[in-house]
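Please read the structure below before turning to the comments.
The values are calculated or read from the model by the stated rules, or taken from the named source; none is laboratory data. Everything quoted here is computed from the prediction, not taken from an experiment. Here the Cβ is made from the backbone with ideal geometry for all residues, glycine too, and neighbour counts use every protein chain on show. To get the accessible areas, we keep the full protein, side chains included, count just its heavy atoms, and leave off ligands, DNA and RNA. Shrake-Rupley method; radii C 1.70, N 1.55, O 1.52, S 1.80 Å.
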Amino acid sequence: MHERRENFDKKQVIVCKDGFDEVEPNFIYNRCDLMNDCKVQLLKYFPNQLYITLKIKKNIGTLCVWGMKLSYSDVKFLIDYVLKNYAGIDKVEVMRVCADETYPSKYFKNDFHIDLPNKIEDLERRLSKKGRYNIRREKRIVMDDFGTYSFRHIKSNDRQASAITEKFFELKQKNMGSDYRMDAESYLRNWYVTDIYCLSFGGRIAAIIMSCEQCDSVYLENLTYDDVFANYSPGQIAYDLYLKELIKRGKKQIFLLGGNYEYKKRYGSIEKTVAEFSVIRNSVKSYVKIYEKELLIRCFNVIPKSVQAYISHKL
C-alpha cells in the first residue's frame, strides 16, 4: 500500500470509470460527459489528484481544465499522454487553464467568475452603497413607467423556449450584428443551454439571459436586451435578478468567460489570467487532416478562374 502511494507522488494519469462529480470547477465545459455530441474519457492526474475530462470529437481531443490550477509542465505532460495513448487524436486543445509565469504569455486571456454566497443579502453587500441605490432606483423607475415588470425562468425544453430564443436572435442581430445561422433548437442544443430567463417591462421583452445549469456551478452563455429600453438598464436589472435566482437554487459559482464588459466586474467577481492553446501531433498526416479544408481552399484559389467556375458548376 505504501509503495502504491509513492507511485502517485509522480506525474501519471489513470483512466477512471467513476468520479465525474469530483471534477472542479464543476460546470458544463469541464463536464463533457454531460454533452451528447462527443466521446469522453475521465482522467485522474497525479500528483495533483485532479479529475479531468477529455472530450474527443472526431480527431480533436480537448482537455477540459477550465479554471483548474496546473503548471505548464503539468499540461505538457497531459498533452503528451493524450497523443501517446489516443492514436486517433491529431490535435489537443487546452481549455482556459489557470496560468502562472510558467506559461508563454501569447496564450494568455482573461477570465471572470463569481463565487456565489449562500444569502442574497451577502451578494447585495458586494455592491457599493451607490451601486445598491442605483439598482433599486432602476427597478422603481420601471415600476413607475410600466406599472410592473416580470422575470420569468423557463427550461430550454419548455414550449415557449423556441419563441424566446428567436427573440434573442433578433435582439443580438439588432444590437451586435450577430447572425447565428441556426434555428432555436440547434442553438440551445449546440451551446448546452438548459435555462432561459426573460425580463419583461409591461408585458414586452426587455432582456434575455441564456444559462447552462447542468451542475452545481453555472456558465452564463449569453445575454442581450432590447435597446428600446436602454435608459432603464434592462441588462443590469436582469443580471441582478438572475444572480439572486441562482443563489436561491444553491448554485456555487458562475463562469462569465473574459472580455471587458463592466457587468462582469461587479458582485465580487474574480478576474484571473488563463491560458488557451492547442498542439498538433508532429506528423504531416495530422497537419493535413487538421488543415485539410484550409489547404483545399488555398489550392482552389490559385487555379485559373475559368477552371474554378467549371469545378463549381460540376459540384
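Remarks
- The condition of being among the hydroxyl-bearing types (Ser, Thr, Tyr) and within 22 Å of LYS248 (Cα to Cα) does not hold for THR165.
- Selection of the stretch 52-82 for residues being in a loop (DSSP other than H, G, I, E, B) and at negative phi yields ASN59, VAL65, TRP66, MET68, LEU70, SER71.
- Flag for TYR45 being at negative phi and out of contact with any Cys (no Cβ under 9 Å at 6 or more places or on another chain): yes
- Extreme residue, farthest from the chain's Cα centre (by Cα), among residues of the stretch 167-193 that are basic (Lys, Arg) and either buried (at least 16 other Cβ atoms within 10 Å of the Cβ) or modelled with pLDDT of 95 or more (or both): LYS167
- Every condition in (1) in a loop (DSSP other than H, G, I, E, B); (2) surrounded by fewer than 16 Cβ atoms within 10 Å (Cβ to Cβ); (3) in contact with a Cys (Cβ under 8 Å, 6 or more places away or on another chain) is met by ASP158 except one, and the failing one is (3).
- Candidates are the residues of the stretch 144-155 that are within 14 Å of GLY203 (Cβ to Cβ) and out of contact with any strand residue (DSSP E or B) (no Cβ under 6 Å at 6 or more places or on another chain); the one that is most open to solvent (accessible area, probe 1.4 Å) is ASP145.
- Of residues in the stretch 257-282 being closer than 23 Å to ASN30 by Cβ and acidic (Asp, Glu), the one most open to solvent (accessible area, probe 1.4 Å): GLU271
- Residue match in the stretch 181-201 (condition: on the phi > 0 side of the Ramachandran plot and charged (D, E, K, R)): yes
- Set LYS76, LYS58, LYS39: member being modelled with pLDDT under 95, of a type in the set (Lys, Arg) and open to solvent by 10 Å² or more (accessible area, probe 1.4 Å): LYS58
- Of residues in the stretch 97-133 being without any contact (Cβ under 8 Å) to a residue 40 or more places away in the chain, in a helix (DSSP H, G or I) and within 24 Å of PRO234 (Cα to Cα), the one most open to solvent (accessible area, probe 1.4 Å): LYS129
- Options LYS289, LYS264, LYS252; residue that is at pLDDT below 95 and in contact with a strand residue (DSSP E or B) (Cβ under 9 Å, 6 or more places away or on another chain): LYS289
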